[in-house]
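S.K.: I'd like to ask some things about the structure below.
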C-alpha cells in the first residue's frame, strides 16, 4: 500500500491539520493500514464507503458474495475476493484510538443493519448517512458531510450553504461528475472526497481501463483535481477486491494536509 499526500490551502484555516482518507476496505485485513495511520497521526480519519460488506439481508451470519441484481453482478459474484469476517469493524475498533472517525456509506453497505450502526457508534464512529456534523479541529470549525449511496440532493444543497470548512464524503465519483458539478444549487465546497473506482483496477500508460460505476476507460478513478465545486480527491482504495490483480495501480492511503495560504 502506498501513501499519497496532497495539500489543500484555505485562508480560513488558522492551524494546519491532517486528514487521512480511507476508502473501499471491503472487510479485508487492516493491519498495514492501521500501522500507516499510527505513523501518520492524522487529526481526522474520513472513510468514504465500502468498508463493510452488506449485500444481502442475511449478511450478518457470514461474509457473502454480492447479491446478483444486475447482469454484470454475475461476473463479480465469481471474481470477488472474500474478506475476513468483521474486517471492517476491526478497522473501526482500532482506528478510533488514533483520531476521530467519520464514515459515509457506499453501495456495499446497501443492506447495512441497525446493529451495524449501533456497533460502529459504540466504538465512537460517526456515521453520516446524508447527514453532517461540525467538529473543532486544531481551532478550525470543520463541517463534515456524508452523501449516501442513496443520495439526498436536497440535503447536499443545504449542506453546501452551511458555515465552516465544508468537507463532503461522496463514495461515487459519478455522483460528483454527473450531478454535483452540474447543479448550480449546490455551492462550491472546500473539499470533496470519493472512492469506489478502485483506481481503475488496471492502468496502462496512466490510463485506467475499467472501474465499477463508470465501465471501460473511466475518467474519474484516483488523484486530485480542481473543479467548479471545489477540490476533489479520489482514492484508489485500500484493498484489492477481486481476484484479478491490480496492475500499475497499488492500493493507497491518502493523506491531506489542510493549511492556510502562505
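The values are calculated or read from the model by the stated rules, or taken from the named source; none is laboratory data. Fair warning: this is a prediction, and the values are worked out from it, not measured in the lab. Ideal geometry is used to build each Cβ from the backbone, glycine not excepted, and the neighbour counts take in all protein chains shown.
S.K.: In this structure, does residue 175 turn out to be touching a strand residue (DSSP E or B) at 6+ places or on another chain (Cβ under 7 Å), modelled with pLDDT of 85 or more and assigned to a loop (DSSP other than H, G, I, E, B)?
M.R.: Values: touching a strand residue (DSSP E or B) at 6+ places or on another chain (Cβ under 7 Å): yes; modelled with pLDDT of 85 or more: yes; assigned to a loop (DSSP other than H, G, I, E, B): no.
No, not satisfied.
S.K.: Here's another thing I want to ask about it. Would you be able to tell me the number of residues in segment 136-187 that are in contact (Cβ under 8 Å) with a residue 12 or more places away in the chain and within 21 Å of residue 18 (Cα to Cα)?
M.R.: Within segment 136-187, residues that are in contact (Cβ under 8 Å) with a residue 12 or more places away in the chain and within 21 Å of residue 18 (Cα to Cα) number 19.
S.K.: Filter segment 2-49 down to residues that are on the phi > 0 side of the Ramachandran plot and under 17 Å from the mean Cα position of the chain (by Cα), then give me how many there are.
M.R.: Within segment 2-49, residues that are on the phi > 0 side of the Ramachandran plot and under 17 Å from the mean Cα position of the chain (by Cα) number 4.
S.K.: Working only within segment 154-179, note down all residues that are touching a helix residue (DSSP H, G or I) at 6+ places or on another chain (Cβ under 9 Å) and within 17 Å of residue 103 (Cα to Cα).
M.R.: 156, 166, 168, 170, 171, 172
S.K.: Of all residues in segment 121-142, which are buried (at least 19 other Cβ atoms within 10 Å of the Cβ) and more than 16 Å from the chain's Cα centre (by Cα)?
M.R.: Scanning segment 121-142 gives 137, 140, 142.
S.K.: Yes or no: segment 32-47 includes at least one residue that is in a loop (DSSP other than H, G, I, E, B), at pLDDT below 95 and surrounded by 16 or more Cβ atoms within 10 Å (Cβ to Cβ). Break it down stepwise before answering.
M.R.: Keep residues of segment 32-47 that are in a loop (DSSP other than H, G, I, E, B), which gives 41-43.
Subsequent filtering for residues that are at pLDDT below 95 retains none.
Scanning segment 32-47 turns up no residue that is in a loop (DSSP other than H, G, I, E, B), at pLDDT below 95 and surrounded by 16 or more Cβ atoms within 10 Å (Cβ to Cβ).
S.K.: For segment 97-122: of the residues being in contact with a strand residue (DSSP E or B) (Cβ under 8 Å, 6 or more places away or on another chain) and free of Cβ contacts under 8 Å to residues at least 40 places away in the same chain, which is farthest from residue 255 (Cα to Cα)? Give the derivation first.
M.R.: Initial filter on segment 97-122 (in contact with a strand residue (DSSP E or B) (Cβ under 8 Å, 6 or more places away or on another chain)): 98-105, 117, 120-121.
From the residues that got through so far, the ones that are free of Cβ contacts under 8 Å to residues at least 40 places away in the same chain too are 117, 120-121.
Details: 117: 26, 120: 23, 121: 24 Å.
Among residues in segment 97-122 that are in contact with a strand residue (DSSP E or B) (Cβ under 8 Å, 6 or more places away or on another chain) and free of Cβ contacts under 8 Å to residues at least 40 places away in the same chain, the one farthest from residue 255 (Cα to Cα) is 117.
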